[in-house]
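Enquirer: The structure follows.
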Amino acid sequence: MNATSRHAAPLRIEVLPQPALQLAVSFLAALAAASLLAAVVAHPWVSAWHAVWLLPLCAALGWRMARVRPRLLLWDGQSWRLHDREASGAPRDAGVELRLAAVFDFDDWLVLRAQPVDTAATALQRLRWQLLPIYLPLSRRRQPGVWGALRATLFAARATLDGQGARGVQDQPPGGAGPAT
């Protein structure tokens, strides 16, 4: 058995709402709106103080956009599937097969971008998935039992998809230079 034929053990990851993340995004949205408002007010020919009410509106929009639905992320040893989750923790639907990519990796916190892998999807559905990807925030604090296995599975799966084995790119010595011909 070689490194590419082995598969990681099945994983079950519960994606839960993260209020701290929502608060951070809400604060950044309000800060962005405040800086725009300050730039507009700095010009003497524009009076935009009546638009101060946009600050809490932008903060509320940031809170809403950063909301995470409770979901279930499953690795079966071959592929990732994302399911909507019941209150009991059971999957609500058959799920969607997807490809995951780590967008932010801060050791104790990950943001994953999930892109559905559906060959039967229409062009409009694929365009929607490209324009509005699914982001999954995960933290070690919320996933203490599976955090190490999750990280190992994510990055091992990425290495095999990129054509890399346990020793790096196949048929290439260290440094990336190919064999001399």
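Enquirer: Would you tally the net charge around residue 25, using a Cβ to Cβ cut-off of less than 13 Å, leaving residue 25 out, and scoring K and R as +1, D and E as -1?
Expert: Summing Lys and Arg as +1 and Asp and Glu as -1 gives +2.
Enquirer: While we're looking at this one, here's another question. What is the sum of charges around residue 129, taking Lys and Arg as +1, Asp and Glu as -1, for the other residues whose C-beta is under 13 Å from the C-beta of residue 129?
Expert: Local net charge: +2.
Enquirer: Between beta-carbons, use under 12 Å as the cut-off and find the net charge around residue 117, counting Lys and Arg +1, Asp and Glu -1.
Expert: +1
Enquirer: Can you sort 80, 63 by how many other beta carbons sit within 10 Å, fewest first?
Expert: Listing 80, 63 from fewest to most nearby Cβ atoms yields 63, 80.
Read-outs throughout are calculated quantities, based only on the coordinates presented, and are distinct from any laboratory measurement. Being a predicted model, the structure only gives us computed values, none of them experimental. All Cβ positions, glycine included, derive from the backbone under ideal geometry; neighbour counts span all protein chains shown.
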